[in-house]
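What follows is one structure encoded as structure tokens, with my remarks underneath.
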Amino acid sequence: MADLKERLLPPKPASAINLRDASYRPSASGRQPFQGVDVLGLKKRGQGLRSWIRVDAATGDSQVIEVDKFTIMRRCDLPARDLRLLDPLFVYPSTILGREKAIVVNLEQIRCIITADEVLLLNSLDSYVLQYVVELQRRLKAAGGGEVWQSEGAELNRRMGNSNRSLGDMFGNTSPDYLPFEFRALEVALEAACTFLDTQAAELEIEAYPLLDELTSKISTLNLERVRRLKSRLVALTRRVQKVRDEIEQLMDDDGDMAEMYLTEKKRRMDSLFSVGDQSVIGYRSNDGTQSISAPVSPVSSPPESRRLEKTVSLARSLARSSMRSSESGTENIEELEMLLEAYFVVIDSSLNKLTSLKEYIDDTEDFINIQLDNVRNQLIQFELLLTTATFVVAIFGVVAGIFGMNFMIPLFDNPSAFTWVLSITGVTGIIIFCSFLWFFRYKRLMPL
């Protein structure tokens, strides 16, 4: 029966068998794939579930959840094209997108969705992903402790009644401007990405300089091949660092995109506006209720009341939309986010400067090698020119030997010293011709003599 199944069922394709191994191979762009992801178990068959790490904003606790992409789209109010940026099966450039209720972050190994209440991080066994979760939890707990300390310090100041010297005078500013949750999560993501890229740049820099020095001292095929691979890695890493830098710079240049990322403030405004709208609706219903106690409810009067109720709800929604438009127009105070992005822009710009300096060093090494090769080539040409001149001088002896080797008789053959005279005159003539060529080469500066 087993043999019959093997004959009837088609064999598995090689791409499906080696899918796990293929996911760990480096891509052509030089960027490492999303490591630690079980690609075969990433999507359950028939359900499309994915494993996410959820970090709560209030408590800082993390848990692993499995949801499908449609649930994520409804939960975070995101389109499908934004979720494709987080797909571990594809390699997309680094991107930071500000949406209505979420921030989509795709920075190297960190692929997450940041909302005002939580962070949804694509589950992975990569060390940078685990470090991101641990660092975010640590900062959330530290921020919570700072807020408790701030409230206790203010309460102590009120009890002491010392208005001249407070705890803020002793320890500095007791009311620091704490970042909202979405900016803390974004800061940890930027820090992880910048650290990852800076580490790779440092490793590449440590490997490059000894190899280039060795190539300068000894030009060989093996060293040239190693430098070629090094330059390919450098170009790929520079492209990735440049993309992160451009993304941060683009956010800093657009105040509207930065204002769009204030998710906590937008949520607070939305909640306040909807609460005001609900109170107006409840007050309207209560007034109608007092009037309807004394008068019977007729079916004729119900449609206008429903229209008024719809108008009240639409008014609250229009107020919410107008508030969102005002936040998008730049009414938000974006200095906090701008300073945060500027700090990591300096870090990533420093990494880019390292790679640029390394590329310039490689270019200088290539120029030096080309100069050395040109020098050797010139020396070979000069040597070939000397050999050609010497061959011409020796050819004179062949011409004289050919002339006197003909079958004719002349009286010069009877002189015993004739051979010596012919040989001497021919040799002196050849030397004079050779020296004349050397003087011409020196006069024309064709070779240093």
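The values are calculated or read from the model by the stated rules, or taken from the named source; none is laboratory data. Note that the structure is a prediction, hence the values are computed from the model and not measured. Counting neighbours? That spans all protein chains shown, and the Cβs are built from the backbone with ideal geometry, glycine included. For the accessible areas, the whole protein counts, side chains as well, though only heavy atoms, and no ligand, DNA or RNA atoms are used. Shrake-Rupley method; radii C 1.70, N 1.55, O 1.52, S 1.80 Å.
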Task: Fraction of accessible area attributable to carbon and sulfur, segment 74-142 (%, probe 1.4 Å) - done: 54 percent
- [ ] Using a 10 Å cut-off on Cβ atoms, rank the peptides 371-378, 57-64 from the highest mean neighbour count down.
- [x] 57-64, 371-378
Open item on the list: Under the rule a/c < 1.5 gives rounded, and otherwise a/b versus b/c splits prolate from oblate, where does segment 324-436 land using the Cα gyration tensor?
Closed with: prolate
Open item on the list: Need the full-extension length gain, Tyr361 to Val346, defined as separation in residues times 0.36 nm minus the C-alpha distance. One decimal, nm.
Closed with: 3.2 nm
Task: Size of electric dipole in segment 348-449: Cβ of Lys, Arg +1 and of Asp, Glu -1, about Cα centre, debye, nearest 20 - done: 440 debye
Open item on the list: I'd like to compare 74-86, 101-113: which one has the highest average count of other Cβ atoms within 10 Å, and what's the full order after that?
Closed with: 101-113, 74-86
- [ ] Post the alpha-carbon centroid distance, segment 183-258 to segment 107-144, in whole angstrom.
- [x] 23 Å
TODO: Could you list the residues of segment 87-123 with an amide nitrogen less than 14 Å from a label point located 7 Å from the Cα of Thr195 in the Cα-to-C-beta direction?
DONE: 109-110
- [ ] Once every Cα of segment 43-124 carries one equal point scatterer and solvent is ignored, give the base-10 log of I(q)/I(0) from the Debye formula at q = 0.13, 0.20 Å⁻¹, two decimals.
- [x] -0.37, -0.91
TODO: Any chance you could run the full-extension gain for Leu385 through Val64? It's 0.36 nm times the residue separation minus the Cα-Cα distance, nm to one decimal.
DONE: 107.8 nm
